[in-house]
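This report refers to the structure that appears directly beneath it.
The values are calculated or read from the model by the stated rules, or taken from the named source; none is laboratory data. In this text, all values refer to a predicted model and were calculated from it rather than measured experimentally. Neighbour counts run over all protein chains shown; Cβ positions are idealised from the backbone, glycine included. Each accessible area value is taken on the protein alone, full model and side chains, heavy atoms only, with ligands, DNA and RNA left out. Shrake-Rupley method; radii C 1.70, N 1.55, O 1.52, S 1.80 Å.
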Amino acid sequence: LLSPEENEKLTRVEGNAPMGQLLRRYWQPFALSRDLDGPDSNPFRVRLLGENLVAFRDSNGKVGLIDKHCPHRKADLFYGRNEESGLRCVYHGWKFDVDGNCTDSPTEPKASNFKEKIHIKTYPVEEKAGILWAYMGPADLQPELPDFEWMHVPETHRYVSWSTQDCNYAQAIEGGIDTVHSVYLHSIMDSHRKLDEWKNNEAWGGRGMQTRYRTKDNPPMLFAQNTDFGVIVGGRYAGDQGEDYWRYNLFLLPYYSMPPGDPGRKLCHAFIPLDDVTTARWSVSWTLDKPFTSREIANMRLGSGVHCELIPGTHRPLRNGTNDYLIDREEQRTLTFTGIKGTGEQDFAVQEGMGPICDRSDEHLGVSDIGIIQMRRRLLADAENLEKGVEPYAATHGDVYRVHAGETMLPSGIEDWVDAQNTQQALAARW
Amino acid sequence: LLSPEENEKLTRVEGNAPMGQLLRRYWQPFALSRDLDGPDSNPFRVRLLGENLVAFRDSNGKVGLIDKHCPHRKADLFYGRNEESGLRCVYHGWKFDVDGNCTDSPTEPKASNFKEKIHIKTYPVEEKAGILWAYMGPADLQPELPDFEWMHVPETHRYVSWSTQDCNYAQAIEGGIDTVHSVYLHSIMDSHRKLDEWKNNEAWGGRGMQTRYRTKDNPPMLFAQNTDFGVIVGGRYAGDQGEDYWRYNLFLLPYYSMPPGDPGRKLCHAFIPLDDVTTARWSVSWTLDKPFTSREIANMRLGSGVHCELIPGTHRPLRNGTNDYLIDREEQRTLTFTGIKGTGEQDFAVQEGMGPICDRSDEHLGVSDIGIIQMRRRLLADAENLEKGVEPYAATHGDVYRVHAGETMLPSGIEDWVDAQNTQQALAARW
Amino acid sequence: LLSPEENEKLTRVEGNAPMGQLLRRYWQPFALSRDLDGPDSNPFRVRLLGENLVAFRDSNGKVGLIDKHCPHRKADLFYGRNEESGLRCVYHGWKFDVDGNCTDSPTEPKASNFKEKIHIKTYPVEEKAGILWAYMGPADLQPELPDFEWMHVPETHRYVSWSTQDCNYAQAIEGGIDTVHSVYLHSIMDSHRKLDEWKNNEAWGGRGMQTRYRTKDNPPMLFAQNTDFGVIVGGRYAGDQGEDYWRYNLFLLPYYSMPPGDPGRKLCHAFIPLDDVTTARWSVSWTLDKPFTSREIANMRLGSGVHCELIPGTHRPLRNGTNDYLIDREEQRTLTFTGIKGTGEQDFAVQEGMGPICDRSDEHLGVSDIGIIQMRRRLLADAENLEKGVEPYAATHGDVYRVHAGETMLPSGIEDWVDAQNTQQALAARW
């Protein structure tokens, strides 16, 4: 439960909003490398933290991220012509390079050197792990990129997708770190039937200890603790012989989550505010041991699991709020819990259903929401600290991101579950 | 002509608006029984007086009308799973019965009895005459349903439909009690030709005295008088030998109308505000003497008369403002007065054409608008009385609705036309 | 660069805005004669300076332009029935003639003469050169029509079209008088290749001196000077042997432009504000010497040159902002500068791309924008003068419009280029 003032502070990111200022201390994923086929790619529309921008890849393959409007007479540079080493406005032929310099202003007399006085707003861009990142904060504070495990695996071991979501980023994060919803939102119809099948199914049994303990003791006891990268949410399930089974769900500042999944296949989300009421949901799937098969990639492109099926040529989900996520009520009665196809789309239905910005003044949180409460507190505290001049630690320490979600066994009754060796081992990134 | 302040008071129904408070003293039709095929129906979106709600029929066939948002974390319950005796939120599996009790909150520890503390907003529902009614007023003032004649006829003698209308409810009521517009809006092209046909046409002649007198003396003199159920609008036409022909059009509080129609077939409208700028127009057709034939029902479903043709799966008219009501200008020149098909759609064209909320500060009312003036005064007076603590009489006296529209002959020069025995006889409900 | 206050004054035209008041001193084109097929045409929706109106052609072929709403109860007269000498509201049959008189109010008692008291808002209409013009200013100041050259050519020598544009009128005018943008926005891909072709191409060479000098010296030096009809923008290109080549682009008050084009074919635009964020772009093509061929007319209807391809039955361009003007990136790389088909649509892409109302507080104008600066100053000055009571001269002097755009040679170093005999000869209308 948040007061209206706290809710505003948590959710607003446009203009000078404190949370927007906090987010600008971090790098923002804004496009896939393949969104800008290059060199001399088509210009690509970008919206980030309420700003309208245009990205393009120049003749050398370098990516520029510039203001949508030409500084001359404000024409839309999305319609610009991506030429030899620069994007040229089609109105009067002014041309800009990826650094924001005006390299040609042919309507002005050559002698006047007019172009030297003209610059277009531009943001630094990095390209890593098939993702284009922008830094929109103060130039003198530009940090290094976060150092994620999935940046170190071969391209064949990683699949990245993103889609837009019609709601505020905070309710998207809340879904990302919500350990207990999967058993409902993403489950098949009859969890009792599923439990029996699991018990007698080697394939599932082979997927590790989670099935065994999660089906035995549900809901788990939840714990949440601050750490350098954000918040660790631990779920404790009764185990065997003096031990408990723990699952860790990570919230990484400012908007990442790593849900514990299938041990052989890892997952990282980012929920990046395009503006106050629109979010880009990014999903990175990766493996440590073997490449994705063509079938696995084809399935992810089709929209299986967390990767949504998109309207071709866009990053908008085909199943969205305007068509009730193509809900199939008969399927809801007989097969899946929602009748909506796709894990991501199921998330969208509940997250967007809260409204563009969820009113948190009359929600009813239970003990299962402890991770969400902790995440909100952490973001609000970091934003307030920055207002007092305290810079966020994680933004400038990429090494804190060398973690992944995981699971482990711990002795029953343990107090310091975070620092336990088993926990640290389970969370440590490997490459 | 209303001042801007009066117009606001007449038209605004959302939030704490006085007129909305008045309407909440009455029961509101919100869905057809068949809109919630049951038991365990699909959830059904309801909007009423500016509130977003979800209706569902439980395993026992009982209907619940609850808040759209789950009280836990505000997910949209329209996507909920209608299970054994309750609607379950698909996000975390919380479940609610038709009385608003939380009967399961499986993400919380069983020992905590958390669910006992959780309730969802719910409104009392009654089901009568194939209609689902909601009461949204103070619990201690919950009245009985209005006792309409059409509630007492067999199901085979009644046909009910409803469709949304893109304008404020008050301009819809004004159309419903506007005695004189039918001769224009709903007429065929050449009323003189029609008159001649009528005179020589036994079929029409057989439909009673209205044709004879209405075609002889038009426009009629109009009179309006308050009564316990609302307002009686009387239209007086010159008759024969010391008698006049009177037709009665009824406005019943808070938003019903009964136009005098074909003597063998009766009609009642309700114009229920879904919000300030959207109205549900309900139409009940019924007969006292014989069932509707299959052909008559098929025609009404097709959109003949006051029952609109709907976009399948919705309550939205196929012919609506976005497509100019499919007006056929050639038909307007040669066959019908509007070129628009359907009595209801003709009403929508003129009522929605006034704008979302009609500006009544520069209208020009004539003597033919006396019924409309009286209806507005009555609603405004009742709303102001309620603000002073005077409860509306009709809301708690269902028996005042035992009337129907009608026609009669009265001696010329009569003063007290309402209390005349012929009038009372013509208006008295029968069952 | 304009301050926010100046920008508001330049761009706002609705209600009592000073610029709207200035525009109301002039006649406004609002429809083609052929938009109202008559007599007894279909009613036609008109939006002008923020007002909603309905136009119709009566039985005598005379055009009325009246309020959208019937004065009785505000029904939409677009659905009205255009009958013998008047438009009849379909709600209650009230009828209005083209002068705004109520000629029938059949729902009122005949004896009351009620209709004599009823008038509907109406604006004077003139029909000239295939165009319907409205005057929306003070009745006692109603002026004569502007006396354009294209009003005096035979119908066979003129082609007029109009389409709506989703932005403020001022950025549309700016495009209309922007001499230098054509070489970029409207050009084919490789201007160097084009130059070589021109030099060796008799067909192009035959089109007069413009090709010779414009390709030799680009950009030109621009000059702008006030005159009785508005502003003359002169572009000076280096010529031969002590002479310069001059091209004149005209801005005519309050929103016309005449770009110098092909000497054999002339062009006049009007950019008429329908409201603050929507503009009607009118284009008149005409010839002085010979009729347009059928092929030329067919091409203009198809959308060649400045005449846009429209969505059938509307004045909305088929290629518009909702579909990215159907931009073809491959064509942009290899054939045309924009990849967008149609001169008009290319203009729309850059003008609408500035946003609904361009923010001029951070533009960067160069010497090539001198004409635009002068046009803004002129409009702002005329609006401010009118606020002080000084009526605009051009509004009441139709003869100042007897000009056309053109080109000429002038001695090098001439100061008074406007009054030079060659200039005056080049600009003088002929008929």
- Sort through A:Cys70, A:Cys102 and tell me the only one that's at pLDDT 95 or above and in contact with a Cys (Cβ under 6 Å, 6 or more places away or on another chain). A:Cys70
- Query: If we scan segment B:45-60, do we find a residue that is part of a loop (DSSP other than H, G, I, E, B) and under 24 Å from the mean Cα position of the chain (by Cα)?
  - Reply: yes
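Can you give me the number of residues within segment B:217-255 that are hydroxyl-bearing (Ser, Thr, Tyr) and not in a strand (DSSP E or B)? Explain how you work it out, then say what you get.
Quick first cut of segment B:217-255, residues hydroxyl-bearing (Ser, Thr, Tyr) only: B:227, B:237, B:245, B:248, B:255.
Then keep just the ones that are not in a strand (DSSP E or B); that gives B:255.
The qualifying residues number 1.
Among the residues of segment B:384-408, count how many are open to solvent by 30 Å² or more (accessible area, probe 1.4 Å) and either modelled with pLDDT under 95 or over 12 Å from B:Arg25 (Cα atoms) (or both).
Of the residues in that region, 8 qualify.
Would you pick out the residues in segment B:284-308 that are touching a Lys or Arg at 6+ places or on another chain (Cβ under 7 Å) and not aromatic (Phe, Trp, Tyr)?
Filtering segment B:284-308 for residues touching a Lys or Arg at 6+ places or on another chain (Cβ under 7 Å) gives B:284-288.
Answer for segment B:284-308, where residues must be touching a Lys or Arg at 6+ places or on another chain (Cβ under 7 Å) and not aromatic (Phe, Trp, Tyr): B:Val284, B:Ser285, B:Thr287, B:Leu288.
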- Query: Among the residues of segment B:79-102 satisfying the criterion of being surrounded by 24 or more Cβ atoms within 10 Å (Cβ to Cβ) and touching a His at 6+ places or on another chain (Cβ under 8 Å), which is farthest from A:Gln171 (Cα to Cα)?
  - Reply: B:Trp94
- Task: Could you check how many residues of segment B:125-149 are open to solvent by less than 50 Å² (accessible area, probe 1.4 Å) and in a loop (DSSP other than H, G, I, E, B)?
- Result: 10
- Query: Only one residue in A:Val63, A:Val13, A:Val54, A:Val90 is more than 23 Å from C:Phe337 (Cα to Cα) and of a type in the set (Val, Ile, Thr). Which one?
  - Reply: A:Val13
- Scanning for something open to solvent by 20 Å² or more (accessible area, probe 1.4 Å), over 19 Å from the mean Cα position of the chain (by Cα) and within 14 Å of chain B (Cβ to nearest Cβ), does segment A:170-184 turn up at least one residue? yes
- Message: Give me the residue from segment C:103-124 that is touching an Asp or Glu at 6+ places or on another chain (Cβ under 9 Å) and at the interface with chain B (Cβ under 9 Å from one of its Cβ atoms) and, out of that set, least open to solvent (accessible area, probe 1.4 Å).
- Response: C:Thr107
- Query: Pairs, please: C-beta under 6 Å, at least 6 apart or cross-chain, first residue more than 7 Å from chain B (Cβ to nearest Cβ) and without any contact (Cβ under 8 Å) to a residue 60 or more places away in the chain and in segment A:357-377, second among the basic types (Lys, Arg) and assigned to a loop (DSSP other than H, G, I, E, B)?
  - Reply: none
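Quick one: how many residues across segment A:70-102 are part of a loop (DSSP other than H, G, I, E, B), of a type in the set (A, V, I, L, M) and within 12 Å of chain C (Cβ to nearest Cβ)? Explain how you work it out, then say what you get.
Narrowing segment A:70-102 to residues part of a loop (DSSP other than H, G, I, E, B): A:70-75, A:80, A:84-85, A:89-94, A:97-100.
Now drop any that are not of a type in the set (A, V, I, L, M), which leaves A:75, A:90, A:98.
Those left that are additionally within 12 Å of chain C (Cβ to nearest Cβ): A:75, A:90.
Result for segment A:70-102: 2.
Would you kindly identify the helices (runs of 4 or more DSSP H) lying entirely within segment C:267-377 that contain at least 3 residues that are crowded, with 16+ Cβ neighbours inside 10 Å? Before the answer, list the steps.
Numbers: elements: C:294-302, C:329-334, C:343-352.
Because the criterion is at least 3 residues that are crowded, with 16+ Cβ neighbours inside 10 Å, the helices (runs of 4 or more DSSP H) in segment C:267-377 that meet it are C:343-352.
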- Task: Report yes if some residue within segment A:125-145 is under 30 Å from the mean Cα position of the chain (by Cα) and within 11 Å of another protein chain (Cβ to nearest Cβ); otherwise report no.
- Result: no
- If you scan segment A:103-124, which residues turn out to be within 18 Å of A:Lys68 (Cβ to Cβ) and not in a loop (DSSP other than H, G, I, E, B)? A:His119, A:Thr122
- Residue list for segment B:378-399, filter: touching a residue at least 60 places away in the same chain (Cβ under 8 Å) and in a loop (DSSP other than H, G, I, E, B): B:Glu391, B:Pro392, B:Tyr393, B:His397
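Inside segment B:413-431, can you point out the residues that are surrounded by 12 or more Cβ atoms within 10 Å (Cβ to Cβ) and part of a loop (DSSP other than H, G, I, E, B)? Outline the logic, then answer.
Going through segment B:413-431, the residues surrounded by 12 or more Cβ atoms within 10 Å (Cβ to Cβ) turn out to be B:414, B:417-418, B:420, B:422-424, B:426-429.
Passing the criteria: B:Ile414, B:Trp417, B:Val418, B:Ala420, B:Ala429.
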- Item | Candidate set from segment A:335-354 (those that are more than 22 Å from A:His315 (Cβ to Cβ) and either of a type in the set (Phe, Trp, Tyr) or in contact with a Lys or Arg (Cβ under 7 Å, 6 or more places away or on another chain) (or both)); member that is nearest to the other protein chains (Cβ to nearest Cβ) | A:Phe337
- Among what's in segment A:18-44 and is touching a residue at least 40 places away in the same chain (Cβ under 8 Å) and assigned to a loop (DSSP other than H, G, I, E, B), pick the residue that is surrounded by the most Cβ atoms within 10 Å (Cβ to Cβ). A:Pro43
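Filter segment C:47-78 down to the residues that are among the aliphatic types (A, V, I, L, M) and open to solvent by less than 10 Å² (accessible area, probe 1.4 Å) and list them by number. Don't jump to the end; show me each part of the working.
Of the residues in segment C:47-78, the ones among the aliphatic types (A, V, I, L, M) are C:48-49, C:53-55, C:63, C:65-66, C:75, C:77.
Matches in segment C:47-78: C:Leu48, C:Leu49, C:Leu53, C:Val54, C:Ala55, C:Leu65, C:Ile66, C:Ala75, C:Leu77.
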